[in-house]
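The values are calculated or read from the model by the stated rules, or taken from the named source; none is laboratory data. Treat the numbers as computed from the prediction; the structure is a model and nothing was measured. Cβ: placed from backbone, ideal geometry, glycine included. Neighbour counts: every protein chain shown.
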Amino acid sequence: MSCMDAALYRIANSYDHWLQRRYVKSKLAADPAYAATAALVMGRPMPLLDIGCGIGLLGQYLHTHGAVTRYLGVDSDLRKIEAGNRALHLSGLGNALHLAHADGTARQPIRGHVALLDVLHYLPQEGQRALLDNAVAHLAPGGLLVIRNVLRERSLRYAMTRISEFFLRTSGWMRVGAQHYPSEEELRTPLEAAGLAVSVRSLHGKTPFDCYLLVAERAPR
Ligand SMILES: C[S@@+](CC[C@H](N)C(=O)[O-])C[C@H]1O[C@@H](n2cnc3c(N)ncnc32)[C@H](O)[C@@H]1O
C-alpha cells in the first residue's frame, strides 16, 4: 500500500460508523471529482470554500494531497457536519480544516476557490441560481469555481442517474431528493455573464452515470 493509500485509509477510519467508513473508502479511492479538484487547485494555493460539503471528504482529500491552504466546508445538513467534525477531531485535523452548519447561500469569511460537488440538483431552479451567485461572490482573482453535477440531457446515463438519485432519497442518505437537473446552458450563462471563463468536460469515468465537471475561472488581477 502506498503512503497516499495509507493516508486515505486513515481518513476513512476516522468516521464513526462502519457503513460510513465503507462509503468513505470507496469515495476517496474512486471519485474522480476529488482528484480533478486537487489537480486544478494544486498549482494555485489559496483558501477553498466547499459548499454542500457533506461529511467534509473533499477537505480531507485536498489536505492529504497538500492542495489547499485553508478549507471551509458548509452544509445545511447538521448530521453530516457533526459526523465530519467528529472525524476531523479524531484525525487531529480540527485546526486545519473547518466545517460549519450553514446554508449554501450564506456569506462566509473566505475568498479563494469554491467547490460545488453534487449539490445543485438538490435545489429548485431559483435556489440553484442563488447558490451559484454566492459561489461566484467567494471567488478571489485567479480563483476557480469547480462544479461537478448531473446535466440534463437525452442519454441513457442521464436516465441511470435519475434512478440512482431515487434510491439515494429513499435510503435516507439524502434528506431532500433531486429537485431540478440543470442543463449546461443554465449554468454556463450566468457564470459567463459574471465575467468568468467557463469550460465543461464529462467526468463519467467507468460509471454508468451522467456526470460533468464545469470549471469557471475568475481572471487574475
Ligand atoms: C450528494 S451530497 C455531496 C457532498 C459533497 N459535496 C461530496 O461531493 O462528497 C450533497 C450535499 O449538498 C447539501 N446541500 C443541499 N442543499 C444545500 C444548501 N442549500 N446549502 C448547503 N448544503 C446543501 C446536502 O446536505 C448534501 O450534504
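Look through 19, 40 and report the one residue that is away from the ligand (no atom under 14 Å from the Cβ), modelled with pLDDT of 85 or more and either more than 14 Å from residue 58 (Cβ to Cβ) or among the basic types (Lys, Arg) (or both).
19
Tell me, yes or no, whether region 171-190 has at least one residue that is aromatic (Phe, Trp, Tyr) and exposed (fewer than 15 other Cβ atoms within 10 Å of the Cβ).
Yes, region 171-190 contains at least one residue that is aromatic (Phe, Trp, Tyr) and exposed (fewer than 15 other Cβ atoms within 10 Å of the Cβ).
Among the residues of region 160-170, is any modelled with pLDDT of 95 or more, exposed (fewer than 15 other Cβ atoms within 10 Å of the Cβ), part of a helix (DSSP H, G or I) and not aliphatic (A, V, I, L, M)?
no
Residue-by-condition table, conditions (1) surrounded by 15 or more Cβ atoms within 10 Å (Cβ to Cβ); (2) within 14 Å of the ligand (Cβ to nearest atom); (3) under 21 Å from residue 199 (Cβ atoms); (4) modelled with pLDDT under 85:
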site: 119; (1), (2), (3), (4): yes, yes, yes, no
site: 123; (1), (2), (3), (4): yes, yes, no, no
site: 127; (1), (2), (3), (4): yes, yes, no, no
site: 132; (1), (2), (3), (4): yes, yes, yes, no
site: 144; (1), (2), (3), (4): yes, no, yes, no
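Here is a list: 87, 96. Which entry is touching a Phe, Trp or Tyr at 6+ places or on another chain (Cβ under 6 Å), touching a residue at least 12 places away in the same chain (Cβ under 8 Å) and more than 9 Å from the ligand (Cβ to nearest atom)?
87
Considering each residue of region 171-209, count those that are modelled with pLDDT of 85 or more and outside any helix (DSSP H, G or I), and give that number.
Residues in region 171-209 being modelled with pLDDT of 85 or more and outside any helix (DSSP H, G or I): 16 in total.
Quick one: which of 69, 105 is of a type in the set (Val, Ile, Thr) and within 16 Å of the ligand (Cβ to nearest atom)?
Every option except 105 fails the conditions.
If you scan region 26-43, which residues turn out to be part of a helix (DSSP H, G or I) and over 13 Å from the mean Cα position of the chain (by Cα)?
26, 29, 30, 39, 40, 41
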